[in-house]
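Heads up: the structure comes next, in structure tokens.
The values are calculated or read from the model by the stated rules, or taken from the named source; none is laboratory data. These numbers were taken from a predicted model, which means no experiment stands behind them. Quick reminder, even Gly has a Cβ in these numbers, built from the backbone with ideal geometry, and neighbours come from all protein chains shown. For the accessible areas, the whole protein counts, side chains as well, though only heavy atoms, and no ligand, DNA or RNA atoms are used. Shrake-Rupley method; radii C 1.70, N 1.55, O 1.52, S 1.80 Å.
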Amino acid sequence: MSTSFEYDRVDVFTAGFIGEPGQRTFFFQARSGGRSVSVKCEKQHVAALAEYMTGMLADLPQPGALPHPTTLGLTEPIIAEWTVGSIGIAFDNDRDRFVLVVEEVAEEDGEGAPLLPEGEDRGSLRLMLTREQAAAFCTHAGAAVAAGRPPCRFCGRPLNPGGHLCPRMN
């Protein structure tokens with residue numbers, strides 16, 4: 001059975017990667033009271049969550065002082081508990097917190113229902129984030145996503161260090 005985590009308060013929520021451009025593995029990581037939880041995700045998960053959160057933040061009061069950027073790096077050891085499937089986010093006005101729920105990926109049957117062994121649930125990570133933590137995440141995540149391979153000026157696909165076969169240059 002996969003492990004689930006729930007934190008009403010986190011010290012840090014961040015995203016980052018290990019590996020070289022083109023070979024990177026992305027992670028979400030939450031840290032609270034000396035404990036660290038990492039889940040493997042896709043670069044697109046990081047980009048989409050940061051973009052969506054940025055839009056949500058635009059409709060809220062300006063956050064206060066942001067955590068220092070040096071606190072947003074991934075901490076070792078980075079051991080993925082599971083791989084991200086779906087992400088849900090909402091804002092709780094009463095608590096002035098973002099509610100982030102990240103669920104483990106699971107194979108699905110033909111009707112979209114998860115295929116899990118009897119009595120087993122998907123892992124989940126449920127966090128409550130302040131506006132400051134969300135804003136810091138968005139800035140840091142944007143930088144992590146942008147740190148990849150530069151795009152080809154003709155086709156937009158990532159350029160490898162040795163070049164690439166551009167479909168527009170044929």
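Look through the stretch 25-44, keep the residues that are touching a strand residue (DSSP E or B) at 6+ places or on another chain (Cβ under 8 Å) and open to solvent by 40 Å² or more (accessible area, probe 1.4 Å), and return whichever of them is nearest to Ala135 (Cα to Cα). Per the stated criteria, the residue is Lys43.
The residue that is least open to solvent (accessible area, probe 1.4 Å), among those in the stretch 138-168 that are without any contact (Cβ under 8 Å) to a residue 40 or more places away in the chain and touching a His at 6+ places or on another chain (Cβ under 9 Å), is Cys152. If you go through the stretch 98-125 and keep only what is open to solvent by less than 70 Å² (accessible area, probe 1.4 Å), at pLDDT 70 or above and either touching a helix residue (DSSP H, G or I) at 6+ places or on another chain (Cβ under 7 Å) or more than 20 Å from Glu51 (Cβ to Cβ) (or both), you end up with Phe98, Glu104, Ala106, Gly123, Ser124. Would you please name the residue that is farthest from His68 (Cα to Cα), looking only at residues in the stretch 127-137 that are assigned to a helix (DSSP H, G or I), open to solvent by 20 Å² or more (accessible area, probe 1.4 Å) and not acidic (Asp, Glu)? Here the residue is Arg131.
Which one is modelled with the lowest pLDDT, of the residues in the stretch 1-16 that are assigned to a loop (DSSP other than H, G, I, E, B) and open to solvent by 20 Å² or more (accessible area, probe 1.4 Å)? Applying the filter and picking the extreme gives Met1.
Scanning the stretch 52-73 for residues that are surrounded by fewer than 20 Cβ atoms within 10 Å (Cβ to Cβ), under 15 Å from the mean Cα position of the chain (by Cα) and either farther than 14 Å from Phe137 by Cβ or in contact (Cβ under 8 Å) with a residue 60 or more places away in the chain (or both) yields a single hit, Thr54.
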